[in-house]
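Worksheet: the structure to be examined is printed underneath.
The values are calculated or read from the model by the stated rules, or taken from the named source; none is laboratory data. It should be emphasised that the depicted structure is a prediction, and the values quoted were computed from it without experimental measurement. Reconstructed Cβ throughout: ideal geometry from the backbone, glycine too, with neighbour counts over all protein chains shown. For the accessible areas, the whole protein counts, side chains as well, though only heavy atoms, and no ligand, DNA or RNA atoms are used. Shrake-Rupley method; radii C 1.70, N 1.55, O 1.52, S 1.80 Å.
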Amino acid sequence: MKQLAKKNEQDIFQKIAGHEQVVFCNDPITGLQAIIAIHDTTLGPGLGGTRMYPYENVDDALEDALRLSEGMTYKCAAADIDFGGAKAVIIGDPDKDKTPAMFRKFAQYVDSLNGRFYTGTDMGTTMDDFVQALKETNFINGIPEAYGGSGDSSIPTSQGVVYAIQATNKHVFGDDSLGGKTYAIQGLGKVGYKVAEHLLQAGADLFVTDIHEHVLESIQDKAKELGGSVTVVGSDEIYSVDADVFVPCAMGAVLNDETIPQLTVKAVVGSANNQLKAKTHAQVLADKGILYAPDYIVNAGGLIQVADELYEPNKERVLLKTKAIYDSLLEIYEQAKLADITTEEAANRKCQQTIDEQRNRNNFFARDRRPKWNIRG
Ligand code: NAD
């Protein structure tokens with residue numbers, strides 16, 4: 001019996017090796033069961049959304065929290081924000097199990113970390129949930145403008161995608177203009193639709209696909225108003241259309257063994273998270289001569305806004321910071337070429353360098369070194 005306990009202990013510490021802190025939150029009164037995973041706070045306090053999902057078991061929930069929080073460390077480094085990687089998951093069905101009381105309780109756990117963890121919406125949670133959370137803690141971001149937040153993050157995210165397409169066009173075609181080219185856009189949701197509008201305005205031709213008919217009709221009307229052209233294609237056809245750039249703005253894992261052979265584009269630049277099904281697909285794309293813009297560099301605009309909110313919301317400043325995605329991608333493309341590595345690997349190395357440099361600076365003792373930027377804290 002004793003031996004088993006020892007083994008389990010080792011298993012759990014092996015699992016969380018590489019993470020600074022993992023917090024289990026349990027409140028039988030509200031039914032809250034949550035895990036907060038803080039991966040690395042070298043760059044600043046942990047930042048990451050809270051996901052609510054009906055995980056089959058605690059192991060699955062823990063694995064998701066660990067994986068997502070680790071990803072946030074590089075995302076924060078890429079976005080050049082003073083935050084580290086973290087994430088929380090709440091075990092439960094967002095349609096059935098969610099209550100305001102549960103989110104207020106969750107917020108008390110967040111507050112108990114005293115600024116080591118900032119959070120906001122993710123899959124299965126909404127701004128309304130975090131308006132409840134805000135009653136218990138100030139360590140919340142990405143809240144509505146009416147509550148002093150910065151509002152809809154898909155606006156800077158889509159702007160960042162446009163800057164990323166411009167940088168990619170410059171690298172591939174020699175100039176960064178958006179017009180006169182054809183784009184295949186997968187998903188016309190909050191981000192994809194805005195990117196499509198921007199491209200049409202620049203005189204681009206689009207192939208588009210979405211599972212919702214009304215957005216397809218709407219973007220066709222937009223083309224009549226703004227210029228450019230729109231051709232609607234089926235969900236499976238979007239990979240093989242004759243376009244210059246593929247713009248995935250729907251779901252993850254769309255770059256895989258089935259889809260990559262179909263692609264005829266010169267580049268892939270989109271907002272969707274985790275586009276590569278496996279790490280090896282970065283090399284498969286490179287071997288095919290397709291330039292891949294690492295997703296977490298491209299879609300950093302929303303994260304930039306969410307982090308910036310704590311300085312007091314300012315759309316102009318967010319846009320300025322988001323613009324840096326253009327230069328950042330060009331540098332990554334150049335480094336990948338020089339070192340003969342994939343663009344994904346070049347992006348990862350750039351982020352790791354940012355973290356290492358900060359770790360070195362952290363060794364220097366200075367009283368009150370960190371800016372007191374949290375306007376609510
Ligand atoms: P959204 O839910 O508003 O839009 C997704 C769109 O994709 C919807 O219109 C949906 O109908 C469509 N879609 C779903 N399945 C499809 C399929 N099989 N084929 C074609 N279309 C399909 O989401 P969003 O906020 O626009 O985000 C899009 C992607 O970008 C997601 O992967 C998201 O994680 C990522 N992202 C978004 C933000 C942000 O600020 N919103 C920030 C970073 C990353």
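On a per residue basis, the convex hull of the C-alpha atoms belonging to the chain measures out at 167 Å³.
Enter the accessible area per residue of the chain (Å², integer; probe 1.4 Å; all protein chains in place). Numbers along the way, then the final one.
On the way: 18150 Å² over 377 residues.
Value for the chain: 48 Å² per residue.
Of the residues Leu255, Gly270, Gly227, the one whose Cα sits farthest toward the positive end of the charge dipole of segment 227-314, with +1 on the Cβ of Lys and Arg and -1 on the Cβ of Asp and Glu, is Leu255. For the peptides 238-245, 159-166, residues were scored by their other Cβ atoms within 10 Å and the scores averaged per peptide; the highest-first order is 159-166, 238-245. Accessible area of Glu213 (1.4 Å probe, protein heavy atoms only, ligands and nucleic acids ignored): about 120 Å². Taking every DSSP helix (H) stretch of at least 4 residues in the chain, weighting each as -39,500 (n - 2.57) and dividing the sum by the residue count yields a mean residue ellipticity at 222 nm of -14000 deg cm²/dmol.
Where both bridge residues fall in segment 1-104, DSSP classifies roughly 70% of the beta bridges as antiparallel.
Around Tyr326, what is the net charge, scoring Lys/Arg as +1 and Asp/Glu as -1 over all other residues with Cβ under 15 Å from its Cβ? Numbers along the way, then the final one.
Values: positive: Lys170, Lys321, Lys323, Lys350; negative: Asp80, Asp175, Asp176, Asp327, Glu331, Glu334.
Net of charged neighbours comes to -2.
Shape analysis of segment 277-324 places it in the prolate category; the axes a ≥ b ≥ c from the Cα gyration tensor give an a/c of at least 1.5, with a/b above b/c. At full extension, Asn274 and Glu213 could sit 19.4 nm farther apart than now, given 0.36 nm per residue minus the alpha carbon distance. Only lysine pairs 8 or more places apart, or on different chains, with alpha-carbon atoms under 22 angstrom apart are counted in segment 1-127, and they number 9. Packing-based ranking of 96-108, 294-306, 353-365 yields 294-306, 96-108, 353-365, ordered from highest to lowest mean Cβ neighbour count within 10 Å. Only one residue of Ala17, Pro294, Ala184 has its Cα farthest out toward the positive end of the dipole of the chain, where Lys and Arg carry +1 and Asp and Glu -1 on Cβ, and that residue is Ala17.
The slack between Asn138 and Leu226, meaning 0.36 nm per residue of separation minus the straight C-alpha distance, is 27.4 nm. Charge tally for Gln159 (other residues, Cβ to Cβ under 11 Å; Lys, Arg +1; Asp, Glu -1): +4.
Nonpolar atom fraction for the chain, defined as the carbon and sulfur part of the 1.4 Å probe accessible area, stands at 49 percent.
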